[in-house]
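Chemist: Take this structure, written in structure tokens, and hold onto it; I'll ask about it next.
Laboratory data are not the source of any read-out in this text; all were calculated from the coordinates shown. Just so it is clear, the structure is predicted and the values come from calculations on it, not from any experiment. Here the Cβ is made from the backbone with ideal geometry for all residues, glycine too, and neighbour counts use every protein chain on show.
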Amino acid sequence: MDVIRIAVLGIAGLFLCIFLKDTKPEYALYVSLATGVCILLLATGKLSYLMEMLNRLKSYVPIDTAYLNALLKMVGITYVGQFSAGICRDAGYSSIAGQIEIFSRLAILVISMPVLTALMETIQGFLA
């Protein structure tokens, strides 16, 4: 049901932006930004549930918290990067949006390197 609520909110924001774009383009950008922030705030509720479930998983299986923290950082970078790139595209600055997306991907790659290194060490241990 939350997905329907988010979809309706997004479509309503879209229609408002379309109507305002001809008369007041600056207001259309503000409506787009406000709609995006509302959706992002609703998504944080899902993230708190995800955190709770990950903590429950940690109690069942001994998982190194560094790996879970890296995973959560990657999810956060993805959300922030896509959100800010979308706002830049809405404002007509596609080149800045592209740069934000590239930086976000590089940041995710940097954060994932310790996990990848640990995986390679584990594989090497099995082969040796």
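Chemist: Residue-wise, which Karplus ³J(HN,Hα) couplings in Hz belong to the stretch 77-87, taking 6.51 cos²θ - 1.76 cosθ + 1.60, θ = phi - 60°, and x for glycine or proline?
Modeler: These are the phi-based 3J(HN,Hα) values: 4, 4, 4, 5, x, 5, 5, 5, 5, x, 5 Hz.
Chemist: Let me ask another. Tell me which residues come under 5 Å, amide H to amide H, from residue 91 once H is placed; ignore anything under 5 positions away on its chain.
Modeler: Distant-sequence amide H within range of residue 91: zero hits.
Chemist: If R₀ is 30 angstrom, what is the calculated FRET efficiency for the pair residue 126 and residue 46, using the beta carbon separation as r and rounding to 0.05?
Modeler: After rounding, the FRET efficiency stands at 0.25.
Chemist: Report, to the nearest 10°, how far helix 2-23 tilts away from the longest principal axis of the Cα atoms in the chain, using its own Cα long axis and a range of 0 to 90°.
Modeler: Helix 2-23 sits roughly 40 degrees off the main axis of the chain.
Chemist: Once both axes come from the Cα atoms, what is the angle between helix 25-60 and the longest principal axis of the chain, in degrees from 0 to 90, rounded to 10?
Modeler: 20 degrees
Chemist: Might you report the magnitude of the Cβ-based charge dipole of the chain about its Cα centre, with Lys and Arg at +1 and Asp and Glu at -1, to the nearest 20 debye?
Modeler: Using Cβ point charges on Lys, Arg, Asp and Glu, the chain gives about 140 debye.
Chemist: Please work out the FRET efficiency for the pair residue 110 and residue 21, using the Cβ-Cβ distance as r and a Förster radius of 35 Å; give the result to the nearest 0.05.
Modeler: On the way: r = 38 Å, r/R0 = 1.09.
Given R0 = 35 Å and the Cβ-Cβ separation, E is 0.35.
Chemist: Then there's this: Per 5 Å bin, what percent of the C-alpha pairs of the chain does each bin hold, from zero upward?
Modeler: In order of increasing distance, the bins hold 2, 9, 13, 15, 16, 14, 11, 7, 5, 4, 2, 1, 0, 0 percent.
Chemist: Count charges around residue 30 for me, please; just the other residues with Cβ under 14 Å from its Cβ, Lys/Arg as +1, Asp/Glu as -1.
Modeler: Neighbourhood net charge equals 0.
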